[in-house]
1. Considering only the stretch 35-77, how many residues are assigned to a helix (DSSP H, G or I) and within 18 Å of N254 (Cβ to Cβ)?
2. I'd like to check something: does the stretch 6-21 contain any residue that is part of a loop (DSSP other than H, G, I, E, B), at pLDDT 90 or above and open to solvent by less than 60 Å² (accessible area, probe 1.4 Å)?
3. So, of the residues in the stretch 35-48 that are modelled with pLDDT of 95 or more and open to solvent by less than 50 Å² (accessible area, probe 1.4 Å), which turns out to be farthest from E74 (Cα to Cα)?
4. Pick out the one residue from K77, K180 that is closer than 15 Å to V40 by Cβ, surrounded by fewer than 15 Cβ atoms within 10 Å (Cβ to Cβ) and basic (K, R).
5. Do any strands (runs of 3 or more DSSP E) lying entirely in the stretch 221-275 carry at least 1 residues that are surrounded by fewer than 22 Cβ atoms within 10 Å (Cβ to Cβ), among the β-branched types (V, I, T) and under 18 Å from the mean Cα position of the chain (by Cα), and which ones are they?
6. Answer yes or no: is there a residue in the stretch 205-220 that is open to solvent by less than 10 Å² (accessible area, probe 1.4 Å), among the hydrophobic types (A, V, I, L, M, F, W, C), out of contact with any helix residue (DSSP H, G or I) (no Cβ under 8 Å at 6 or more places or on another chain) and closer than 23 Å to K176 by Cβ.
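The values are calculated or read from the model by the stated rules, or taken from the named source; none is laboratory data. Remember, predicted model here, so these are calculated numbers, not experimental data. Heads up, the Cβs are rebuilt from the backbone with ideal geometry, glycines too, and the neighbour counts pull from every protein chain shown. Calculation scope for accessible area: heavy atoms of the full protein, side chains included, ligands and nucleic acids excluded. Shrake-Rupley method; radii C 1.70, N 1.55, O 1.52, S 1.80 Å.
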Amino acid sequence: MRRMGLIAVFFLGCLTLMGQQNKQVTKDQLALFPQSTTYVVWDNNPMSAYNIAIKAAVESYWKTTPFKYITVNEFDKYRMNPANSFIIMTKVYLTKDKREAEYQYLNLLMGSKAYGINDMPEILTMPLTYTGVDESTYTYKLGVIVRFAQEHVKAMLEASKITQFRNLKFYNSNAKEVKKKTLLLLQEDMAEEVNSIEKIKAVYPYDCKFVTPEEIEAAVLEQTPNTLVLHQISPGPQDNIGRSYKMIFGVDDNKLYYYNFETISEKRPAGMLLRDFKRITAD
């Protein structure tokens, strides 16, 4: 994703970015993170499923820094302080896609005297969902995503160079370990070419099974040993524009094992594809 550096505006309860990504945090800026206060920015709808889920995830798992909650309208009051950090959901238009797709991303940012949110130092940005897709498709996975965010920060703090963390495909070096664990999948997240266990096993003869969202939620909460979950983002059954994102997380070790996305097309429909299983099968 290329940074286009336009403006951020307040829109429908959260911040909207035209283009993505922010400027990557520098080592000096990142060094301030462990002593920062992390502000969790609410969606303006107090009863949104996101607000409920992010509060539960942060209060259960966020151990790295002290945290407080603020509204979107309070964000400008705090964002100029480089001693602050932020967990915030943004609406993102990837303008060079020319497909009018709108996504919601979870961002971990450092405060700065930047002109706007597009120029704030970014520690992590991760796609959560398409705008308009039911929040219930991702909120039950926020626990492992929040835990991963802390592992990501820890890895960056320990690294001599942090530029490689800019692209989450950096974590695909873990993909060879997927076959050693149990992979939990939703059948609805599969493209037609892999919509049965038999089709998957033809290229991925390892431990995987179709489960319900409730079973994935339980695995995330219980941090079931040697278990992986797929987070797949697509625009819904009536839409075929934009990107299909695929992420595989370990619920016990909070690692990201696989990250990929495809521009949706007739040849590459939304969902987990045969090519994804081939990638994680390869040594």
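1. Count: 8.
2. Narrowing the stretch 6-21 to residues part of a loop (DSSP other than H, G, I, E, B): 6-7, 12-13, 19-21.
Subset that is at pLDDT 90 or above: none.
No: the stretch 6-21 contains no residue that is part of a loop (DSSP other than H, G, I, E, B), at pLDDT 90 or above and open to solvent by less than 60 Å² (accessible area, probe 1.4 Å).
3. Initial filter on the stretch 35-48 (modelled with pLDDT of 95 or more): 35-41.
With the extra rule that they be open to solvent by less than 50 Å² (accessible area, probe 1.4 Å), the set shrinks to 36-41.
Numbers: S36: 17, T37: 15, T38: 14, Y39: 10, V40: 11, V41: 9 Å.
Among them, the one singled out is S36.
4. Numbers: K180 fails: closer than 15 Å to V40 by Cβ.
K77 is the lone residue from the list that is closer than 15 Å to V40 by Cβ, surrounded by fewer than 15 Cβ atoms within 10 Å (Cβ to Cβ) and basic (K, R).
5. On the way: elements: 227-233, 243-250, 256-263.
Once the strands (runs of 3 or more DSSP E) in the stretch 221-275 are filtered for at least 1 residues that are surrounded by fewer than 22 Cβ atoms within 10 Å (Cβ to Cβ), among the β-branched types (V, I, T) and under 18 Å from the mean Cα position of the chain (by Cα), what remains is 256-263.
6. Looking through the stretch 205-220, at least one residue is open to solvent by less than 10 Å² (accessible area, probe 1.4 Å), among the hydrophobic types (A, V, I, L, M, F, W, C), out of contact with any helix residue (DSSP H, G or I) (no Cβ under 8 Å at 6 or more places or on another chain) and closer than 23 Å to K176 by Cβ.
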